[in-house]
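Please read the structure below before turning to the comments.
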């Protein structure tokens, strides 16, 4: 998955729907044949725990959610992408990105592009620990 992460997150061979006029905070990446298509997730908000997360109908097979953020550290409720949608989450800040996945019930993160800044590794681990506890208690 990491070998393709740069393609998913930073453009590569994925096409974008013509109706997309500006960059939405999050997009759904779907595999259609040998291509990847991005679809905007206009009202997508994992922090709204009163509503279940859902995806729009898209051509192809949903492969990942990519969110442009101001911080590489996941939000406390980002685990919902993994648990409810069963998709990996890429968090992108400029030319840096991480991937959040669940493997054997454990949250894991991988650096998909760039490097963490000083202090981010500790903040990232603290957030992963917080989310893991939440997942285990649901």
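Nothing in this text is a laboratory measurement; each read-out follows from the coordinates by a stated rule. Note that the structure is a prediction, hence the values are computed from the model and not measured. When we count neighbours, we look across all protein chains shown, and the Cβ atoms used for this are built from the backbone with ideal geometry, even at glycine.
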Next on the checklist: I need 110, 131 ordered by Cβ neighbour count within 10 Å, fewest first.
Outcome noted: 110, 131
Checklist outcome for this item: Between the alpha carbon centres of the stretch 112-138 and the stretch 36-90 the gap in Å comes to 17
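Tell me the Kirkwood radius of the stretch 28-67: reciprocal of the mean inverse pair distance over distinct alpha-carbon atoms, in Å.
On the way: mean 1/r = 0.0912 Å⁻¹.
One decimal place: 11.0 Å for the Kirkwood radius.
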Checklist outcome for this item: Least to most buried among 115, 83, 99, by other C-beta atoms within 10 Å and fewest first, runs 115, 83, 99
Item to check | 10 Å binning of all Cα-Cα separations within the stretch 59-116, expressed as whole percents from 0 upward | outcome: 24, 55, 21, 1
